[in-house]
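The values are calculated or read from the model by the stated rules, or taken from the named source; none is laboratory data. Computed from a predicted structure; not experimentally measured. In this analysis, Cβ positions are derived from the backbone assuming ideal geometry, glycine residues included, and neighbour counts consider all displayed protein chains. For the accessible areas, the whole protein counts, side chains as well, though only heavy atoms, and no ligand, DNA or RNA atoms are used. Shrake-Rupley method; radii C 1.70, N 1.55, O 1.52, S 1.80 Å.
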Amino acid sequence: RDELKTQVLKMQLRKRSTKLRAEAAWYRPSQKTPGTLPPMVVPTPKTVVDKPEECLPGELSEYITADVALLQELGWAKFVQRLRSRSDFTTLENVHHPAKRLLKFYRERGAPVKLSTQAWTQQQIRKAMKRGPHKSCHEYLDFLREEFWDMRSKAQWVVLPYSVVKDLPGLRISPPGVVPQRERRPRWIVDYSFSDVNAETLPLAAVESMQFGHALDRILREVLLADPALGPVQLLKVDISDGFYRINLNVDDIPKLGVAFPTKPGEEELVALPLVLPMGWKNSPPIFVTATETIADLTNQRLKSNIQAQSHHLDEAAEAVPSPAPPIFPPSILRPPCRALPGYSPAPRPQHHRRVRWRGKYVKTALIGTPTPTSRDPCLPKRAQPVSYVDVFVDDFVALAQQSGNSRRVRRTLLHAIDDVLRPIDKLDSPQRREPVSLKKLKQGDCSWGTIKNVLGWIVDTVAMTVHLPLHRAERLAEILASIPITQKRTSVKKWHKVLGELRSMSLALPGARHLFSHMQHALSTKIKTRVNLNRGVHDALQDFRWLLRDLQRRPTRIAELVPLLASAEGHHDASGKGAGGVWFPAKHLVPRKGYRNAPVLWRLQWPKHIIDKLVTSKNPDGSISNSDLELVGGLLHLEAIAQCFDVRERTVLSKTDNLATLFWQRKASATTTKVPAHLLRLFGIHQRLHRYVPRHDYLSGPSNPIADAASRDFNLSWPHLLKSLTPYLPERASCQVWTPSNEVVSSVITALQNKRSTPESLWAEPRQPVQPRRSGKTTVLTWASTPFSKPSRTKYQSYKSLHSEFAVENLRPTAIPSSLDRLKITYGTLHRRSKVWGPRANA
């Protein structure tokens, strides 16, 4: 042990010099001027040992030689115990949580690795060693040697000769790889799927702990529901250093996750063995987030109980660092990236119309879309207490707080909760062990409070209440669109997968973008071997993304456009071979536009004869338009009706249909086809972006849809006679009003029914100004649950039986509309989130 300690002390300065060599391969100087930060000293109890200055760069071979000798002397189990004498978990005495027992198991025994198949034979092991690592490793040999020198010094990995470990019980060999990262060191990762280790791993982990999928949705909802009278919402981030490497593996199961370490030709074959959770193993995420989700639960419990947290040395250090504002992308990246692309046109001037080339013709367009609301929704709750909330995405904690005194309490509570689960450094730790909280990120200002933060890859501004792409992602979007000129006819499947993946990840906070993928997804499904044909529909979809790119700076995405709340209006629509129609029941708080009032709205449209002639029927089996296509048109006109009659900007509207195909298309927002649904769904996205509402869709059985059914069929009746026949189905004393679709919008949807595309501007019919609401002294405020989140059920769709009694007139009165979500088969008003606490049902 003394010899190993001496070797560690001699290698300390070697690490710094060799890191510079590894960083030279990926480092790029920043183009922005770095901000100056005040000097900061982070006090820690760690004892720093002076390092000799005459040391040369360290070599991994020194560790390998020492470890081989130690392994032969002690045997495998004692060898591992000697390297990692202490767990990163605390005693957990301050953890009052159902997961406490599971965390104790990981602390005492380590994470288990149990496989469903027999151990590998020597022939299988030899075959895997002969194949070796992924080719990406050979480009980073120096980096990997430095990285493993560092991880070995922290007792996270150990590298041994294959001849020494080939007889270890349960040994399996998987290929590793290296993934480059933007402005960061490359990441070492293991492909446990190639060796079938992931497929054969038994799910002996708390899978229910992985609740980070909707973390951004939950954070945005908390920001939106915060009362601005208590001050702006402040954000901070706390990152856990070393992540997965904080949790040990079971000693006997370590060989099952062996890795072929890359070597140069002629060198001895090496095997890397993880002593901790490795990146790429199936059970690593659920086991690790068992700890981080427990920390988040402990923090929120203590915040809710108003427990005053004691001071924390990292809280003082974070308070001394200002929060840097992320850069906003400049207008220059929104310029046409290539003059050769005929689809591009100059950026629009605000005061003039512009002419763009569309399908070989020049059309005159203007800036379109409803303006940003200037006032907060009066129905949002007014809270007596400031926001105090913490969420987590794997190892990134995001905290929200209002008021300066409360913000210090939130940060201290979070830091103490981390210390109660993950052990802070002390005098007995080796010099290589780091504080659980990333001090590097703390010094960069992540742990400092700010109203503008890069949260999970998005720039969130809690004062302007907006979300937008970071600079590098906006540049990447422009780069993707510029890399595929309109003249390109095909591309590789690999590149197209990457393009689709990046565009979908960016569409999360771009209203309307989810509806633009139909043609691009269809191109992937009809690939020929390894090539994807880029037809006209694909290039039209990319042109729509270019339209979004030009619109990014003029129209930032508001948080209220992304968060579904209680419905402000409920509507039913239907379509038939004669026409389409529907009815909207607005809530009392929904503001009407000029010429309309707060009352139910009915509308209908009779199909032109050339559309009826193309309908698929028993007499016309070769028609090009199905009844589901007409239902989808009815759904789009239904949303146009509520947008023209009421101010639905940043309001949630609930639209119901009795056609399941239409419902699934509306919820999925895309269809893998080039036919009519693809063109109509595109118009759905454009319409949502123009009018800024939050659409929700649900099913209504046919017998329960009498009003829309009559409106879409009884064209022989005039409006007065139709309204008289619908009196039994309308609320008492409800004076209904009638709306008729505009010619421009009807022309746009008819064009889509003919499987043709039109400009986004063709769908725009400027609505009237909203009526100034009367101030009667009382404001309708919706009732919100203290924890408006719930876990999803295992069954995606519950069984449904249509009943004639489902249509209840009393549920359609204006006062009942805000609570209509209680009657949904699938509730959109809730977000998937851990319950008050997560964990095994048995007592800890």
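Which of rounded, prolate, oblate describes segment 544-646, given a ≥ b ≥ c as roots of the alpha-carbon gyration tensor eigenvalues and a/c under 1.5 marking rounded, otherwise prolate only if a/b is larger than b/c? Here segment 544-646 falls in the oblate category.
Normalising the Debye intensity of segment 396-519 to I(0), with uniform scatterers on Cα atoms only, and taking log10 at q = 0.15 Å⁻¹ returns -0.88. The protection proxy used here, the mean number of other Cβ atoms lying within 10 Å of each residue, ranks peptides 638-646, 278-286 as follows, highest first: 638-646, 278-286. Charge tally for LYS382 (other residues, Cβ to Cβ under 11 Å; Lys, Arg +1; Asp, Glu -1): +1. The alpha carbon centroids of segment 484-508 and segment 170-225 are separated by 24 Å.
The distance separating the Cα centre of segment 681-702 from that of segment 239-288 comes to 47 Å.
Shown in residue order for segment 490-495 are the 3J(HN,Hα) couplings computed by the Karplus curve 6.51 cos²θ - 1.76 cosθ + 1.60 at θ = phi - 60°: 7, 8, 7, 4, 4, 5 Hz (x for Gly and Pro).
Counting Lys +1, Arg +1, Asp -1, Glu -1, what net charge surrounds GLU650 among other residues with beta carbon under 10 Å of its beta carbon? Within the 10 Å Cβ shell, the charges total +2. Globularity index of segment 488-566 is 1.24 (Cα radius of gyration / 2.2 N^0.38 Å, N = number of residues). Positive contributions from Lys and Arg (+1) and negative ones from Asp and Glu (-1), summed over other residues with Cβ under 13 Å from the Cβ of ALA128, come out at +4.
Going by the alpha-carbon gyration tensor, a ≥ b ≥ c the square roots of its eigenvalues, is segment 180-236 rounded (a/c under 1.5) or, if a/c is not under 1.5, prolate (a/b greater than b/c) versus oblate? Oblate shape, in that a/c is at least 1.5 and b/c is the bigger or equal ratio. From the Cα gyration tensor of segment 63-129, with a ≥ b ≥ c the square roots of its eigenvalues, which class applies: rounded if a/c is under 1.5, or else prolate if a/b is larger than b/c, or else oblate? Judged from the Cα gyration tensor, segment 63-129 comes out oblate (a/c at least 1.5, b/c at or above a/b).
Pairs spanning more than 27 Å between alpha-carbon atoms, out of LYS78/LYS166; LYS256/LYS529; LYS609/LYS756; LYS166/LYS282; LYS104/LYS256: LYS256/LYS529. Here the Karplus relation 6.51 cos²θ - 1.76 cosθ + 1.60, evaluated at θ = phi - 60°, turns the backbone of segment 146-159 into coupling constants of 5, 5, 6, 4, 5, 5, 5, 5, 9, 6, 9, 10, 9, 10 Hz, with x for every Gly and Pro.
Ranked by the mean number of other Cβ atoms within 10 Å per residue, highest first, peptides 179-189, 689-699 order as 689-699, 179-189.
Taking the 1.4 Å solvent-accessible surface of segment 710-779 as the whole, the part contributed by carbon and sulfur is 47%. When segment 426-537 is described by a simple charge dipole with +1 on each Lys and Arg Cβ and -1 on each Asp and Glu Cβ, the residue from PRO485, MET506, VAL467 located farthest towards its positive end is PRO485. Packing, taken as the mean count of other beta carbons within 10 Å per residue, orders the peptides 759-772, 502-515, 374-387 from highest to lowest as 502-515, 759-772, 374-387. When the inverse distances between all different Cα atoms of segment 375-460 are averaged and flipped, the Kirkwood radius reads 15.3 angstrom. Normalising the Debye intensity of segment 202-338 to I(0), with uniform scatterers on Cα atoms only, and taking log10 at q = 0.10, 0.20 Å⁻¹ returns -0.64, -1.33.
Alpha-carbon geometry of segment 683-773: the Rg and the Dmax are 16.5, 44 Å, given in that order.
Can you tell me the FRET efficiency between LYS588 and ALA69 if r is taken as the Cβ-Cβ distance and R0 is 60 Å, rounded to the nearest 0.05? Working from the Cβ atoms, E equals 0.15.
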